[in-house]
1. Find the strands (runs of 3 or more DSSP E) located wholly in region 92-199 whose residues include 3 or more that are buried (at least 21 other Cβ atoms within 10 Å of the Cβ) and assigned by TED's automatic domain parsing to the domain that holds Asn55, and list them.
2. Residues in region 318-326: is at least one in the same structural domain as Phe262 (by TED's automatic domain parsing), surrounded by 17 or more Cβ atoms within 10 Å (Cβ to Cβ), of a type in the set (Asp, Glu) and more than 24 Å from the chain's Cα centre (by Cα)?
3. Going by what's in this entry, would Val34 be described as more than 24 Å from Met146 (Cβ to Cβ) and of a type in the set (A, V, I, L, M, F, W, C)?
4. Return a yes/no flag: does region 366-385 have any residue that is within 19 Å of Trp269 (Cα to Cα), modelled with pLDDT of 95 or more and out of contact with any strand residue (DSSP E or B) (no Cβ under 8 Å at 6 or more places or on another chain).
5. Does Asn41 satisfy the criteria of being within 16 Å of ligand 2 (Cβ to nearest atom), surrounded by fewer than 14 Cβ atoms within 10 Å (Cβ to Cβ) and either among the acidic types (Asp, Glu) or in the same structural domain as Lys177 (by TED's automatic domain parsing) (or both)?
6. For the subset of region 1-47 comprising residues that are of a type in the set (A, V, I, L, M, F, W, C), more than 6 Å from ligand 1 (Cβ to nearest atom) and in a loop (DSSP other than H, G, I, E, B), which member is nearest to Tyr132 (Cα to Cα)?
7. Among the residues of region 313-355 satisfying the criterion of being hydroxyl-bearing (Ser, Thr, Tyr) and in a loop (DSSP other than H, G, I, E, B), which is nearest to Ile253 (Cα to Cα)?
8. What pairs come out if I take residues in region 1-25 that are surrounded by 14 or more Cβ atoms within 10 Å (Cβ to Cβ) and pair them with residues that are among the aliphatic types (A, V, I, L, M) and modelled with pLDDT of 95 or more whose C-beta lies under 6 Å away, six or more apart or interchain?
Amino acid sequence: MIKWENSKYSEKSRRFLSKPPADFPLFTLLDGAVRSGKTLNIIQKIPQIFEFVGNEYLKVFSGYSRNSVKNNVILELKPFIENYLGGRVRYNNSTGEMDIRLFGKEYNCYVTGGGKSDSLNAIQGGTWDFWYANELPRHNYGFYNMALSRLTPANARAFADSNPESSNHWLYLEKIKPYLEGKDKDVFEYWHFTMYDNANLSDVFIKNQEKLYKGVFKKRKIDGLWIVADGLVYDTFKRDKHSISGAKLFEKIQKSEIAEYFLGIDWGWNHPTACLLLGHGADGTCYVIDELYSAKLDFEGVIRWINQKQSEYGKFFSYANCDNARPEQNEKLRRYTNLVIYEEKPKVEDSIALVRSLINYDKLIVSEKCIHTLEEFGLYSYGSEDVPLKINDDCMDALRYGLYKYLTEN
Ligand SMILES: Nc1ncnc2c1ncn2[C@@H]1O[C@H](COP(=O)(O)OP(=O)(O)OP(=O)(O)O)[C@@H](O)[C@H]1O
Ligand SMILES: [Mg+2]
């Protein structure tokens, strides 16, 4: 627990803490190095923000999971409010309900996890006037959008903290990059922290932290840079060259410029299931048209998605090539969809080589709708051996399965 009476403040954190709530835009992000004081600056700001926002609407705290919010935020927020400000915090970790009494007002709060694709269900409906997203990049993209849309009162305020991730991450592409280019400044504000902006850390502590991280993780966690990892499997994939807007691709579909539609599926449960809708044009260009990316999704959800996409695009899909580790799921697809179902798991090196050559000839184009696929292109990397790491590989596997089948038959 922090002894707030001993706190030291850097110039940046003073500037953040003394800025009047009314002068913050709707959404403020604090990002940067680990241990740079992002979370504790927000915690200290909360009482003032609450006072400004009032207590008419719900206030939401989210993180990757409810427990991560409890550990990263509530554990410091509660003693801060109770021991230093004379307030009271009642928190029920099983329901997520949190009531904060402070300076004569009662604030109704809700704590929830935002990291899973089913997290949205918990937050549909209702109006919020405050949102704190702890470790925002770890939130599900749908949750993030839903959360922003709940913040309708004129004086609503949202704060988030984050460590840098890949520069292909949606948070970087949609918020930070435009901000750095001078756009969107009326609704979004960006504060970048280094460890030197946390006056409570000793030089020895900083030196030790620096030793913990290497390579791309050092650049992200210490230098606070949003960069793509080294040793990328598809290092020649360039977003500006190899992606297309959803609208433009839809136009091609309507003009029948795509000859055949097929799917690649990588089953998961705790890891997400990834299902990519692929297509190829007459000139052999392959398109990633749409993606389904979700953990804890059963075969019925996948079938629903396939059928819904067939009517959305007005096309029949000819086949799916699926991960062969789940034959019972594949059997369900065989029974309940009109697709031919293959279970041909290609060798990793072979299928990667095929996908790479498509990319090198600029014959693989990905819809900007497919945010997880695009993100994985910037993350999917080799480990110490010449074997890709088994992380950030769900869409990449689905892509290999789908394309391999097409490329080896044609
Ligand atoms: N106002 C403060 N008073 C005392 N100690 C502080 C204060 N702010 C930060 N610290 C110290 O710095 C550490 C890091 O702060 P904090 O957890 O806010 O950083 P962070 O940027 O959120 O880090 P991470 O990226 O790891 O989540 C704290 O654990 C605490 O020891
Ligand atoms: Mg933090």
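1. 105-113, 128-133, 157-162
2. Within region 318-326, the subset in the same structural domain as Phe262 (by TED's automatic domain parsing) is 318-326.
If we keep only those that are surrounded by 17 or more Cβ atoms within 10 Å (Cβ to Cβ) too, we end up with 319-323, 326.
Next cut, of a type in the set (Asp, Glu) only: 323.
Still in the list and also more than 24 Å from the chain's Cα centre (by Cα): 323.
Yes: one or more hits.
3. Working: more than 24 Å from Met146 (Cβ to Cβ): yes; of a type in the set (A, V, I, L, M, F, W, C): yes.
Taking the combined requirement at face value, the residue satisfies it.
4. Of region 366-385, the ones within 19 Å of Trp269 (Cα to Cα) are 372-373, 376.
Subset that is modelled with pLDDT of 95 or more: 372-373, 376.
Imposing the further condition that a residue be out of contact with any strand residue (DSSP E or B) (no Cβ under 8 Å at 6 or more places or on another chain) reduces the set to 376.
Yes: one or more hits.
5. On the way: within 16 Å of ligand 2 (Cβ to nearest atom): yes; surrounded by fewer than 14 Cβ atoms within 10 Å (Cβ to Cβ): no; either among the acidic types (Asp, Glu) or in the same structural domain as Lys177 (by TED's automatic domain parsing) (or both): yes.
So Asn41 fails the test.
6. Leu26
7. Here is the first cut: in region 313-355, the residues hydroxyl-bearing (Ser, Thr, Tyr) are 313, 318-319, 336-337, 342, 351.
With the extra rule that they be in a loop (DSSP other than H, G, I, E, B), the set shrinks to 318, 337.
Values: Ser318: 15, Thr337: 22 Å.
For region 313-355, the residue satisfying everything is Ser318.
8. Tyr9/Ala199; Ser10/Ala199; Pro21/Ile49
The values are calculated or read from the model by the stated rules, or taken from the named source; none is laboratory data. Quick caveat, the model's predicted, so the values are computed rather than measured. Positions of Cβ are backbone-derived with ideal geometry, glycine not excepted, and every protein chain shown enters the neighbour counts.
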